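Only the coordinates and a few stated rules stand behind these numbers; no lab work does. Owing to the predicted nature of the structure, the values given are computational and were not obtained by experimental measurement. Please note: Cβ atoms are built from the backbone with ideal geometry, for glycine as well, and neighbour counts cover all protein chains shown.
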Amino acid sequence: QVQLVESGGGLVQAGGSLRLSCAVSGRTFSSYVMGWFRQAPGKEREFVGAISWSGGRTYYADSVKGRSTISRDNAKNTVYLQMNSLKPEDTAVYYCAANTLGAYSTYAVSYDCWGQGTQVTVSS
């Protein structure tokens, strides 16, 4: 059974930075496509970014492009989301997700394993 545990969320002032981590159990982590999503109160869950199994390909939502970087360390079974120049509108619960079939997607329904989420709050 694949388990995902996010960490690194917190309260930060606008303009600040945070790095979220997602530790993944599973012997075939290196074959998973990993995604990050977020959900603000009263809003639908939205795609933030994704990274291919090798880490060689990344894709970002327009809302975070240029301010965020996704990376992964397959030796540590961990994926990261570095967020810079944070804005109050980035406030949300951030989730990491795994597509264990290795399919690259921006759609939440394509991801079959999810973490519990970590809260990011950006104050103005």
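Quick notes on this one:
- Across segment 1-101, the relative contact order, built from alpha-carbon pairs under 8 Å that are at least six residues apart, equals 35 percent.
- Karplus (6.51, -1.76, 1.60) ³J(HN,Hα), θ = phi - 60°, over segment 16-29, in Hz, Gly and Pro reported as x: x, 10, 9, 10, 8, 10, 9, 8, 10, 8, x, 6, 10, 3
- From phi via Karplus (6.51, -1.76, 1.60), per-residue ³J(HN,Hα) for segment 63-72 in Hz, x at Gly/Pro: 5, 10, 4, x, 10, 10, 9, 9, 9, 8
- Pairwise inverse Cα distances across segment 57-101, averaged and inverted, put the Kirkwood hydrodynamic radius at 12.1 Å.
- Cα centroid of segment 81-109 to Cα centroid of segment 39-57, whole Å: 2 Å
- The H on the amide N of residue 113, modeled in the peptide plane, is under 5 Å from the matching H of 98, 100, each at least 5 residues off or on a different chain.
- Quotient of C-alpha Rg and 2.2 N^0.38 Å, computed over the chain: 0.97
- Listed by chain and number, the lysines whose alpha-carbon sits under 29 Å from that of residue 76, ignoring those within fewer than 8 places in the same chain, are 65.
- Applying the criteria of a DSSP loop state and at most 11 other Cβ atoms within 10 Å to the trypsin sites (Lys or Arg not before Pro) of segment 1-43 yields 27, 43.
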